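A quick write-up on the structure given underneath.
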Amino acid sequence: MLQELIDDFCGVFGRMIQLVNIDDSAVLGNRAKYIGASDIGKCGEQAVMDKVSKPSHSVKTLVRFLRGHITETIICKALDKTGVHYTTQVEVVHPDYPFILAHIDCILHDKPTLDESTIMVVKEKKSPKALPDEPYDNQVLQVHYQMGLLQIKYPHAEITGTIFNLSVADGEYIDFGPYKPNPTIFASLVEKAKSLMNCMATGALPNAEPSLLCGCCDHKIGCSAYVSDAPPVSDDMAEKVRIYALLRDEKNAIEDQMGIIRDEIIFFTGHRYKNPVGDKVLSISRTADGFALDGKNLKAEQPEIWEKYKKPKSGHVKMEVL
């Protein structure tokens, strides 16, 4: 193995990360047999497809999963310094429907054990690359699912919940909440869990629910919401498109104005200039003349040379808002 690491560290790393993910997932049991908190906030079709097809994840995605474990370690180190009682990875199960359960990241409580405690705070931790301005709806539903199950198990306790976001990339953090158990919301989530489990048993698929999260779904190809020529767009995505078009128009107007001013300045200074201007330094220079390769003609007239020296070039995604 040492020699393999020396010869191909990246290849070994990728394979080992897959094994790390298998070990980390083992504590969650067979996820195809229950509806967890992370399932309840998903699009119904995605939740069922995840359990039926068990999508394989790229190393990039698996590293992103591990970022969550790093976040949890940091949070626990901070909590240890407070002296507050807390318990991690708490499993709570619905007494009437054993397939309805949740693994709660962390619970703060006022007594040494949960059974003794009368105050409990569910902490759902998230590890985004950049902090969101507000919590995503699916995350809020996760917390309500967890609080509802916890309230059933500990009816005597005062329960609240928050969503703690910590970006390990830049150290920014924010805590959304607090949320309180809501019997109406929880009842609707229980019904959704029962419906999802019924789909698992019958092989049916629930309706897809397009949202901003469609972009990171492993099942978008073949999804029922994207089989038509004009797939539905969620309200939040439509708003993103509107804002993008507005910013693009503003950017074009600013660039046009900058171009006019740039031409006026160069007309005044000429092509060589460097001097302080107010609290700035204005530097203008002209690059040397050069040559560009006429690839189109080279390919047509010297195809052998073109084939010998051509290099692969990655394509790019083009987006237009008309």
Next on the checklist: Restricting to segment 141-169, count the residues that are of a type in the set (A, V, I, L, M), under 16 Å from GLY36 (Cα atoms) and within 18 Å of the chain's Cα centre (by Cα).
Outcome noted: 2
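Quick grid of which residues meet (1) surrounded by 10 or more Cβ atoms within 10 Å (Cβ to Cβ); (2) at pLDDT below 85; (3) within 30 Å of GLU209 (Cβ to Cβ):
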| position | (1), (2), (3) |
| --- | --- |
| VAL233 | yes, yes, yes |
| VAL281 | no, no, no |
| SER285 | no, no, no |
| LYS310 | yes, yes, no |
Next on the checklist: Taking the criterion of being of a type in the set (Val, Ile, Thr), touching a helix residue (DSSP H, G or I) at 6+ places or on another chain (Cβ under 8 Å), at pLDDT below 80 and part of a helix (DSSP H, G or I), would at least one residue in segment 13-33 satisfy it?
Outcome noted: no
Checklist entry - Looking at this structure, is GLY215 in a helix (DSSP H, G or I) and modelled with pLDDT under 90? => result yes
Checklist outcome for this item: Of the candidates VAL277, VAL321, the one satisfying the condition of being surrounded by 10 or more Cβ atoms within 10 Å (Cβ to Cβ), touching a helix residue (DSSP H, G or I) at 6+ places or on another chain (Cβ under 9 Å) and either at pLDDT 85 or above or within 30 Å of CYS214 (Cβ to Cβ) (or both) is VAL321
Checklist entry - In the set ASP110, ASP105, ASP133, ASP137, which member is in contact (Cβ under 8 Å) with a residue 12 or more places away in the chain and within 24 Å of PRO210 (Cα to Cα)? => result ASP137
Next on the checklist: Of everything in segment 55-79, what is of a type outside the set (Phe, Trp, Tyr), closer than 14 Å to ASP105 by Cβ and in contact (Cβ under 8 Å) with a residue 12 or more places away in the chain? Give them in sequence order.
Outcome noted: ARG67, GLY68, HIS69, ILE70, THR71, GLU72, ILE74, ILE75, CYS76, LEU79
Checklist outcome for this item: Over segment 80-102, the set of residues part of a loop (DSSP other than H, G, I, E, B) and free of Cβ contacts under 8 Å to residues at least 40 places away in the same chain is GLY83, VAL84, ASP96
Next on the checklist: Yes or no: segment 303-320 includes at least one residue that is part of a helix (DSSP H, G or I), over 30 Å from LEU205 (Cα atoms) and touching a residue at least 12 places away in the same chain (Cβ under 8 Å).
Outcome noted: no
Checklist outcome for this item: Among residues of segment 170-186 being hydroxyl-bearing (Ser, Thr, Tyr) and surrounded by 13 or more Cβ atoms within 10 Å (Cβ to Cβ), the residue nearest to the chain's Cα centre (by Cα) is TYR173
Checklist entry - Looking at segment 133-144, is at least one residue farther than 20 Å from GLY171 by Cβ, surrounded by 20 or more Cβ atoms within 10 Å (Cβ to Cβ) and touching a Phe, Trp or Tyr at 6+ places or on another chain (Cβ under 8 Å)? => result yes
Checklist entry - Got at least one residue in segment 103-119 being assigned to a helix (DSSP H, G or I), charged (D, E, K, R) and out of contact with any helix residue (DSSP H, G or I) (no Cβ under 8 Å at 6 or more places or on another chain)? => result no
Checklist entry - Can you name every residue in segment 188-213 that is farther than 19 Å from VAL52 by Cβ, without any contact (Cβ under 8 Å) to a residue 24 or more places away in the chain and not polar (S, T, N, Q)? => result GLU191
Checklist entry - Would you call THR184 hydroxyl-bearing (Ser, Thr, Tyr) and either within 23 Å of ILE74 (Cα to Cα) or touching a residue at least 24 places away in the same chain (Cβ under 8 Å) (or both)? => result no
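Table: residues versus (1) within 23 Å of GLN46 (Cα to Cα); (2) of a type in the set (A, V, I, L, M).
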| position | (1), (2) |
| --- | --- |
| ASP96 | no, no |
| ILE100 | yes, yes |
| LEU114 | no, yes |
| SER117 | no, no |
| MET120 | no, yes |
| ASN165 | no, no |
| GLY203 | yes, no |
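The values are calculated or read from the model by the stated rules, or taken from the named source; none is laboratory data. Bear in mind the structure is a predicted one, so any value in this text is a computation, not a measurement. In this analysis, Cβ positions are derived from the backbone assuming ideal geometry, glycine residues included, and neighbour counts consider all displayed protein chains.
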